[in-house]
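The structure appears below as structure tokens.
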Amino acid sequence: MLFMLFYYRGSGVNAVLALLLNMILTVAALVVFDAALTLPGIAGLILTIGMAVDSNVLIFERIREELRTGKTVASSVEQGFSRAFVTIIDTHVTTIISSLFLFIFGTGPIRGFAVTLVLGLLINLFTAVYVSRTIFIWLLSRRSGRVESLSI
């Protein structure tokens with residue numbers, strides 16, 4: 001979280017909020033499913049955090065690339081999310097497929113890892129893509145007139 005705040009400045013707050021919401025929703029899902037949190041489950045949560053950070057890095061770097069080409073802030077944010085979305089879907093789907101194999105062919109602890117990871121990744125798709133984008137749109141709409149810069 002400190003790295004995200006330091007490296008992406010104002011946008012790092014957006015990433016940290018999405019990451020915290022991701023963890024809260026993942027733990028809530030585990031509670032709803034009455035899942036015991038074992039060491040493999042904790043490992044799944046840690047991997048989920050890593051993939052959530054990776055998703056934010058992909059999105060923010062795409063936004064930076066768009067800003068460097070001279071596009072407006074609003075356009076850069078929209079294009080950054082759009083272009084990173086395919087990569088995020090690709091990484092998440094391949095990891096979920098791998099986790100499904102672990103769940104099918106694994107035993108107790110391996111299955112716990114797979115369940116935690118799949119829940120975390122599905123929730124991460126929501127938080128990284130939808131929640132983070134919504135935060136950017138809300139921040140851009142709050143500023144009056146045309147936004148000239150973005151703290152990213």
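Does any residue of the stretch 2-11 turn out to be in contact with a helix residue (DSSP H, G or I) (Cβ under 6 Å, 6 or more places away or on another chain), part of a helix (DSSP H, G or I), without any contact (Cβ under 8 Å) to a residue 40 or more places away in the chain and surrounded by fewer than 17 Cβ atoms within 10 Å (Cβ to Cβ)?
Yes, the stretch 2-11 has at least one match.
So, in the stretch 99-118, exactly how many residues are surrounded by fewer than 17 Cβ atoms within 10 Å (Cβ to Cβ), under 11 Å from residue 41 (Cα atoms) and not hydrophobic (A, V, I, L, M, F, W, C)?
2
Is it true that residue 95 is surrounded by fewer than 20 Cβ atoms within 10 Å (Cβ to Cβ) and of a type outside the set (D, E, K, R)? Full working, then the answer.
On the way: surrounded by fewer than 20 Cβ atoms within 10 Å (Cβ to Cβ): yes; of a type outside the set (D, E, K, R): yes.
For residue 95, the condition - surrounded by fewer than 20 Cβ atoms within 10 Å (Cβ to Cβ) and of a type outside the set (D, E, K, R) - is met.
Looking at (1) of a type in the set (A, V, I, L, M, F, W, C); (2) more than 19 Å from residue 29 (Cα to Cα); (3) in contact with a Ser or Thr (Cβ under 7 Å, 6 or more places away or on another chain), find the lone condition where residue 138 falls short.
(3)
Here's the yes/no breakdown for (1) under 18 Å from residue 129 (Cα atoms); (2) not hydrophobic (A, V, I, L, M, F, W, C):
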| residue | (1), (2) |
| --- | --- |
| 5 | no, no |
| 10 | yes, yes |
| 22 | yes, yes |
| 26 | yes, yes |
| 39 | no, no |
| 56 | yes, yes |
| 59 | yes, no |
| 76 | yes, yes |
| 94 | yes, yes |
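Please enumerate the residues belonging to the stretch 65-81 that are over 20 Å from residue 121 (Cβ atoms) and part of a helix (DSSP H, G or I).
Here is the first cut: in the stretch 65-81, the ones over 20 Å from residue 121 (Cβ atoms) are 65-80.
Selection gives 65, 66, 67, 68, 73, 74, 75, 76, 77, 78, 79, 80.
(1) without any contact (Cβ under 8 Å) to a residue 12 or more places away in the chain; (2) closer than 19 Å to residue 35 by Cα; (3) of a type outside the set (Asp, Glu): which one isn't true of residue 82, the others all being true?
Among (1) without any contact (Cβ under 8 Å) to a residue 12 or more places away in the chain; (2) closer than 19 Å to residue 35 by Cα; (3) of a type outside the set (Asp, Glu), the lone unmet condition for residue 82 is (2).
For residue 148, only one of the following conditions fails: (1) touching a residue at least 12 places away in the same chain (Cβ under 8 Å); (2) surrounded by 15 or more Cβ atoms within 10 Å (Cβ to Cβ). What is its number?
Here residue 148 meets the rest and fails (2).
Rule-based calculations on the coordinates, nothing more; no lab input. Here the structure is a predicted model, which means the values were calculated and not measured. As a convention, Cβ positions derive from the backbone with ideal geometry for all residues, glycine included, and neighbour counts pool all protein chains shown.
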